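See structure below.
The values are calculated or read from the model by the stated rules, or taken from the named source; none is laboratory data. None of the values given here were measured: they were computed from a predicted structure. Using ideal geometry, Cβ is built from the backbone for each residue, glycine included, and neighbour counts are taken over all protein chains shown. Areas reflect the complete protein model, heavy atoms only, side chains present, ligands, DNA and RNA absent. Shrake-Rupley method; radii C 1.70, N 1.55, O 1.52, S 1.80 Å.
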There are 2 protein chains.
Amino acid sequence: MRNLLMTPGPTPVPEESRLVMAKEIIHHRTKEFSEIIKEVSDGLKYVFKTKNPVLTLTSSGTGAMEAAVVNLFSKGDKVIAVSVGNFGKRFAQLGKTFGLNIIDIEYEWGQSAKVADLMDILDKNSDVKGVLITHHETSTGVLNDIESFGKAIKDKNKDILFVVDAISGLSANEFENDKWLIDCAVSGSQKGFMAPPGLAFVSLSDMAIEACKKSDIPKFYFSFEKALKEYEDNQTPFTPAITTIMSVYESCKLIKKEGIDKTIERHKTMKEAVCEGVKALNLDFFIKNENDRGNTVTTVVVPEGVDGGKIAKIMASKYGITIAGGQGNYKGKIFRIGHLGDLDPLDVVTTFSALELVLSELGYKNFEPGDSLKAIQKYLLNK
Amino acid sequence: MRNLLMTPGPTPVPEESRLVMAKEIIHHRTKEFSEIIKEVSDGLKYVFKTKNPVLTLTSSGTGAMEAAVVNLFSKGDKVIAVSVGNFGKRFAQLGKTFGLNIIDIEYEWGQSAKVADLMDILDKNSDVKGVLITHHETSTGVLNDIESFGKAIKDKNKDILFVVDAISGLSANEFENDKWLIDCAVSGSQKGFMAPPGLAFVSLSDMAIEACKKSDIPKFYFSFEKALKEYEDNQTPFTPAITTIMSVYESCKLIKKEGIDKTIERHKTMKEAVCEGVKALNLDFFIKNENDRGNTVTTVVVPEGVDGGKIAKIMASKYGITIAGGQGNYKGKIFRIGHLGDLDPLDVVTTFSALELVLSELGYKNFEPGDSLKAIQKYLLNK
């Protein structure tokens, strides 16, 4: 049976990026491996669209979020955490855990963040040191308008550090690290980078690098200063996940070959195809405002009368297609169809073929067989 | 050309453990993957020789050392750090970084730690909360007598947490987590576990688990409490390095198949074969006391007149054999021949064939061609 990962991570790893991991391992303290790290760093810069260094850490994305908090700030620093879902909340929680004075701006799940709300708080607090925000929120599929946030923050006070969780947004959605005035963006290997989990990436502006020098929060494994020192020599302070780096190396080559803007365009097409399918099945989107929906994952409300917990289970067990359920309070109430990484619109067709069968099996009859496939096909043909 | 990794990590990854990484990735929040995690946890327990839980973290070994420090202790806790080399120093440094009141016991590189020295300090300090020590010190090849330390510490005060860095020692040297009264041992995937780097493992005794509840040092990504909660369901709190876990899964099967005691015996044979080669070439061991030498790596003094920096370089460039140089103050003064992981005595023969050629090229003439090979062969035949 197929193993189709329609989730917002981990995403399918292309053959090139898998086969390279089957090769004999090489030692990391070698010229050969430094050249690989250099290529990977360049590939990361290309995807982040930045001239800044992009560090590679051996951890999950959460490790890199923690690293941003403990390296860029000091205890008691007033930092605004803008949260539109589970991972935004995690960023805020990380800040609180390590002693930052976090001001929360929380939105209902399914809504995007509003610049005006942030500005209100900035107007009342002249001593804000940084803003933490999510680019694409994996738990809901909401895409925040990072460009507008960057502009507004820096217009207000260019010394505020603008820190963005771009873990599941990168390579699927428009992202401009430098143009959007981002000081620190974090991402992970198992999302748009089409590699296995185990690596996290962090871009650092000059201002962010300066901030590291002033931070008083203890750090060792996640120290950006240690990492930056080794970065100059295309090395890492501690033994890195060599094999996963090889995989990212291959994936970066694939992204460069397709061209990052085309990669993003492909994701947009998949997103739109999924949306056509959802509409044709008379299902409701979790995110009401169309403009707030990212290209990474589409969240659908479980229709009344259907056992929401079973949709993903049967999709996987009967058809080999992995989709994601809801997190937190939305467990069983929503399901999430990922369209991230090494996938194309035909994978969307396969997914909706299965989805029609599963929904029907679970008692949902509000469509004719093939309705979603027809709608998707029509969209693809007329595109 | 061959790619023979005679280093104390990363070590060669067996074919089974490499090929599994070329397979399509599976999602981690599945029953299928939970079963893999369960098998891996069981395999880790088998190698650690423990009934305690062994957590899997996505980080290098240093990440797990940091995790031990921030989870088991509180700021100001008096903790003794016993250091016999670079990684012992790192453990002490980690303790200081996170606010522990570290009492250093440092030994000259090449010497092992003495129980009596620790007891002196324990006699004078009734408020010691823990002891950090290295099982096998990667930078020198020294093996500490962990069994005696455990017995002495617990005889003195059973409430002292006994924390052991077993990163490069496990599976090559005798190790008994429970019998040796260890509360927390850390290891890594890229050493005796014959998998790529990127995962770290942590065993926790009941007392260590209780200590986590009292610790006041901030932690999030490395939180043992978060990890223990998920451990019960064979899951991890954050997306783990799925592919590397698959590789460890295969390697654990291989270790079980060989039998851990036979695995250790094989490493002892390789160590002794290397020692025969070193003696036959009239080279000096860095560790003078034979009993202090572990089965993981053998450290050799660069003979006078030879450019020490070149030995490893030529071994790699001309013969495809990676050995390690000296660290810290011993750069260029020593070289380290690893014999760890998926290797056997014939790899030692290959290595000494190259070493004779390289030493000769670098002007060292204090042996006849084949001397080391003959000595190794004699040892192997008479064993």
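Projected over all directions and averaged, the alpha-carbon convex hull of the protein assembly as shown occupies 32.5 nm². The alpha-carbon positions of segment B:209-268 define a convex hull whose volume is 145 Å³ per residue. Couplings 3J(HN,Hα) of segment A:346-360, computed from phi: 5, 5, 5, 4, 4, 4, 6, 4, 5, 4, 4, 5, 5, 4, 4 Hz, in residue order, whole Hz [Karplus 6.51 cos²θ - 1.76 cosθ + 1.60, θ = phi - 60°; x for Gly and Pro]. For the listed peptides A:42-52, B:238-248, B:76-86, A:23-33, a ranking on the average number of other beta carbons within 10 Å per residue, highest first, reads B:238-248, B:76-86, A:42-52, A:23-33. Within segment B:1-16, the residues that become at least 50 Å² less accessible when every protein chain is included than when their own chain is isolated (1.4 Å probe; DNA, RNA and ligands ignored) are B:3, B:10. Based on the Stokes-Einstein relation at 4 °C and a viscosity of 1.567 mPa s, and on the Kirkwood radius from alpha carbon pairs, segment B:3-51 is assigned a translational diffusion coefficient of 98 µm²/s. Taking only protein heavy atoms and a 1.4 Å probe, the accessible area of the protein assembly as shown is 47% carbon and sulfur.
Amide H to amide H distances under 5 Å link residue A:105 with A:81, A:82, A:83, where only residues 5 or more positions off or on other chains count and H is placed in the peptide plane. Counting Lys and Arg as +1 and Asp and Glu as -1, what is the net charge of the other residues whose Cβ lies under 11 Å from the Cβ of residue B:265? Combined, the nearby Lys, Arg, Asp and Glu give +1. Its Cα gyration tensor gives segment B:136-250 an equivalent ellipsoid. The semi-axes, each the square root of 5 times an eigenvalue, are 24, 21, 11 Å from largest down. Note on A:27-36: average number of Cβ atoms from other chains within 10 Å of each residue's Cβ is 3. With its label point put 7 Å out from Cα toward Cβ, residue A:108 sits 7.4 nm from the same residue's point in the other copies, in order from shortest. Expressed as an acute angle from 0 to 90° and rounded to the nearest 10, what is the orientation of the C-alpha long axis of helix B:260-280 relative to the principal long axis of chain B? Taking the Cα atoms of chain B, the angle to B:260-280 is about 40 degrees. Summing both sides, the accessible surface hidden between B and A at a 1.4 Å probe radius is close to 3600 Å².
Per-residue 3J(HN,Hα) values for segment A:97-103, derived from phi via the Karplus relation 6.51 cos²θ - 1.76 cosθ + 1.60 with θ = phi - 60°, read 4, 9, x, 6, 8, 7, 9 Hz in sequence order (x marks Gly and Pro). In this simple spin-label approximation, residue B:23 and residue A:51 carry label points 7 Å from Cα along the Cα→Cβ vector, and these lie 4.7 nm apart. Estimated from helices alone, the mean residue ellipticity of chain A at 222 nm is -13500 deg cm²/dmol (sum of -39500 (n - 2.57) over DSSP H runs with n ≥ 4, per residue). Using a 7 Å projection from Cα along Cα-to-Cβ, the label point at residue B:291 is separated from the same position in the remaining copies by 7.8 nm, smallest value first. Per residue, the accessible area of the protein assembly as shown comes to 38 Å², computed with a 1.4 Å probe over protein heavy atoms only.
On full extension, the segment bounded by residue A:327 and residue A:365 gains 11.1 nm, given 0.36 nm per residue less the C-alpha separation.
Relative protection proxy for B:166-176, A:136-146, from highest mean packing down: A:136-146, B:166-176 (other beta-carbon atoms within 10 angstrom). Other protein chain C-beta atoms within 10 Å of residue C-beta, averaged over B:212-221: 4. GNM remark for chain B: springs join alpha carbons under 10 Å apart, and the peak mean-square fluctuation among B:234, B:71, B:289 falls on B:289. For the protein assembly as shown, the residue among A:10, B:1, B:84 whose Cα projects farthest onto the positive side of the dipole built from Cβ charges is B:1. Which percent of the Cα-Cα distances in segment B:78-141 go past 20 Å? Cα-Cα pairs in segment B:78-141 separated by more than 20 Å: 23 percent. Summarising the amide proton neighbourhood of residue B:188: residues at separation of 5 or more, or on other chains, whose placed amide H is nearer than 5 Å comprise B:201. The spacing between segment A:251-288 and segment B:109-140, judged by their C-alpha centroids, is 58 Å.
Extents of segment A:15-257, taken as max minus min of Cα coordinates on every principal axis and listed largest first, are 57, 35, 28 Å. Dividing the C-alpha radius of gyration of segment A:295-383 by 2.2 N^0.38 Å, with N its residue count, gives 1.07. The residue among A:302, A:322, A:334 whose Cα reaches farthest toward the positive pole of the charge dipole of the protein assembly as shown, with charges on the beta-carbon of Lys, Arg, Asp and Glu, is A:322. Shielding of peptide B:54-65 by partners, expressed as the average count of other chain Cβ atoms within 10 Å per residue Cβ, is 5.
Considering only B:288, B:226, B:124, the Gaussian network model of chain B with Cα springs below 10 Å gives its largest mean-square fluctuation to B:124.
Around the amide H of residue B:78, modelled in the peptide plane, lie the amide H atoms of B:101, B:129, all under 5 Å away and 5 or more residues distant in sequence or on another chain. Counted residue by residue at 0.36 nm each, then reduced by the alpha carbon distance between them, the extension gain from residue B:213 to residue B:96 reaches 40.0 nm. Taken one residue at a time, the phi angles of segment A:43-59 give Karplus couplings (6.51, -1.76, 1.60, θ = phi - 60°) of x, 5, 4, 4, 6, 5, 6, 9, 9, 6, x, 10, 7, 10, 10, 8, 5 Hz. Gly and Pro are set to x. Among the trypsin sites (Lys or Arg not before Pro) in segment B:125-191, those located in a DSSP loop and surrounded by at most 15 other Cβ atoms within 10 Å of their own Cβ are B:158, B:179.
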